[in-house]
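Below is one structure, written out as structure tokens; comments come after it.
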Amino acid sequence: MADNSYTLEQNLAEADGYLQRFRDQPLGHLINGDSVASVSGDTFTNHSPIDQSEMGSVASGDSADIDAAARSAEEAFGVWQNMGAVGRQKTLRDVARLITERARQIALIECVDTGQSMRFMSAAAVRGAANFTYFADLATTVANGQSLPTDTHINYTTRRAIGPVGVITPWNTPFMLSTWKIAPALAAGCTVVHKPAEWSPLTAHLLAEIALEAGLPPGVLNVVHGLGHTAGKSLTEHPSIKAIAFVGESATGSAIQSQGADTLKRVHFELGGKNPVIVFDDADMERALRAVTFMIYSLNGERCTSSSRVLIQEGIYDEFTSKLAERIKTIPVGHPLDPSTVIGPLVHPRHTGKVKSYVDAAVEQGATVHRGTNMADAPSDNFVAPVLFTQATNQMSIAQEEIFGPALTAIPFSDEADAVKIANDIEYGLAGYLWTNDVSRAHRVADALDAGMIWINSQNVRHLPTPFGGNKRSGIGRDGGDWSFDFYTETKNVSVALGDHPIPDLAG
Ligand code: NAD
């Protein structure tokens, strides 16, 4: 459970102690178990989202560093294979244990690096450990296949790790997302080169350090920091890297697909979303209001599965939106380490600029803008008030584009068919939420929504064995349970003749 019983002052003092090492010396890559500078010597500066102060410098990798990491992952592949599934399982359980022991440290650093609030990050660090435990438990099932017999043959399938893989992650909840991709890759028997986001590089290093301490052989998990178009691009092009698991924007996914074409990379994409939450007039209004508010204004709205478009049935539209407008006035915006904060600073001035530009767009396009309270005396412009856009139509950019901030667009609909039409009239298809007390309608609408995941009368409650992923521009592939292993393995079929089946004789 998340423990938010510490005061802001206690959190600040403890975080400051943890951050000192990053100020003292540049953060290196972690290649073959060693912390190393870039071959070029290049670094970039890591800035605090809170006040833009410098938090230290970070090695900026390019193709030379990626090459060293990929070779290291290639050499370590045999070592990791030789440990066997039981050996890998034990090590990954140890990683989970150490993450749990350091969950508070991870959460404090994550908050200061991303601007996400402690209220949510303490749970995210714990969830990172749960990801490792879950996939460690499954490690001994990865090779399992099917028996597909015929009258003449026994066919059986087996699965084997595909080899070294690249994992590229975004900045929104970096530690949890890294574990979500890396734990199944390692459990499958793959070795990994991880390229974390340049706006939040710190906790990736902690994860790799913890893994080494838990007994992961050097080279099994390597981290190369750097920018997307240098380190990230090189990783997607490296011939030793067999597959790329990517979480980030849809446009970056397209770029990665082209970059990986020459080396025929297998890709798994978790991309953007503009997820609808449909509220019918028979829904439990109080619970729907709470869920709609939570699913866009938690995690700074920087969440791929946020319900950023609320479609409300006409008869309850005015009442529902006026209650929403009241609620956002009470959502606390503040320092990410303040235990009462819900919305912390957005990650980077460039992202803040993007989010704010949609407020201007909403006004220009004729929507009404409702604002929650901003933080008094905020130390930087990255602290933004939650916003709600009403009188919006689905054609507006605030309804079609992913804002990835605490901004909700409310659109009215007339009936079930209209709701489904509006919900699907978008290039994304990650998640959909719907609130109704009509059980038949709930199933009909769930079936009609073009999205990878649907929640009915529910906020986004994850169950790790269930498939996670999106349709259309929201992704390729599914994670969770055995779906993760399909991506990180090659399947082989072995066919054994049971006796003397007919073999055509071609001799003259
Ligand atoms: P981004 O695509 O800009 O960057 C993600 C990562 O890709 C970073 O590490 C970046 O350095 C790297 N990158 C950028 N260009 C690259 C290139 N040409 N080749 C290789 N790597 C490259 O995304 P972001 O702004 O960091 O993250 C926000 C996005 O992530 C949002 O669209 C959000 O919806 C998405 N996201 C999706 C999920 C999901 O599960 N579907 C989860 C979290 C975030």
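The values are calculated or read from the model by the stated rules, or taken from the named source; none is laboratory data. This structure is a prediction, so every number in the text was calculated from the model and none was measured. Ideal geometry is used to build each Cβ from the backbone, glycine not excepted, and the neighbour counts take in all protein chains shown. Quick note on the areas: whole protein, heavy atoms, side chains included, nothing else; ligands and nucleic acids left out. Shrake-Rupley method; radii C 1.70, N 1.55, O 1.52, S 1.80 Å.
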Check: Taking residue 6, is it of a type in the set (Ser, Thr, Tyr), more than 25 Å from residue 65 (Cβ to Cβ) and part of a helix (DSSP H, G or I)?
Finding: no
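Inspect segment 261-281 for any residue being aromatic (Phe, Trp, Tyr) and in contact with an Asp or Glu (Cβ under 8 Å, 6 or more places away or on another chain) and give the result as yes or no.
Start the filter on segment 261-281 by keeping residues that are aromatic (Phe, Trp, Tyr), which leaves 269, 280.
Among the residues that remain, those that are also in contact with an Asp or Glu (Cβ under 8 Å, 6 or more places away or on another chain) are: 280.
Yes, that holds for at least one residue.
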Note to self: Just to be sure I understand, how many residues within segment 294-347 are more than 27 Å from the chain's Cα centre (by Cα) and among the small types (Gly, Ala, Ser)?
What the structure shows: 3
Margin query: Checking residue 254 against (1) open to solvent by 40 Å² or more (accessible area, probe 1.4 Å); (2) closer than 22 Å to residue 488 by Cβ; (3) within 11 Å of the ligand (Cβ to nearest atom): exactly one of these is not met. Which one?
Written below: (2)
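Here's the yes/no breakdown for (1) in contact with a Phe, Trp or Tyr (Cβ under 7 Å, 6 or more places away or on another chain); (2) in the same structural domain as residue 219 (by TED's automatic domain parsing); (3) not basic (Lys, Arg):
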{"site": "248", "(1), (2), (3)": "no, yes, yes"}
{"site": "257", "(1), (2), (3)": "no, yes, yes"}
{"site": "261", "(1), (2), (3)": "no, yes, yes"}
{"site": "264", "(1), (2), (3)": "no, yes, yes"}
{"site": "294", "(1), (2), (3)": "no, no, yes"}
{"site": "297", "(1), (2), (3)": "no, no, yes"}
{"site": "300", "(1), (2), (3)": "no, no, yes"}
{"site": "307", "(1), (2), (3)": "yes, no, yes"}
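Return yes when residue 280 is aromatic (Phe, Trp, Tyr), within 21 Å of the chain's Cα centre (by Cα) and either under 30 Å from residue 429 (Cβ atoms) or open to solvent by less than 50 Å² (accessible area, probe 1.4 Å) (or both) and no when it is not.
no
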Margin query: If I filter segment 166-188 for residues that are of a type outside the set (Ser, Thr, Tyr), farther than 26 Å from residue 230 by Cβ and surrounded by fewer than 23 Cβ atoms within 10 Å (Cβ to Cβ), do I get at least one hit?
Written below: no
Next item on the list: Enumerate the pairs (first residue in segment 216-244 and on the phi < 0 side of the Ramachandran plot and assigned by TED's automatic domain parsing to the domain that holds residue 78; second residue anywhere and among the acidic types (Asp, Glu) and within 16 Å of the ligand (Cβ to nearest atom)) with beta-carbon separation below 6 Å, excluding pairs fewer than 6 apart on the same chain, so at least 6 apart or on different chains.
Entry: 224/65; 227/198; 230/62
Checklist line | Inter-residue pairs, beta-carbon under 9 Å, first under 20 Å from residue 37 (Cβ atoms) and at pLDDT 95 or above and in segment 196-208, second more than 8 Å from the ligand (Cβ to nearest atom) and basic (Lys, Arg), 6+ apart | finding: 206/102
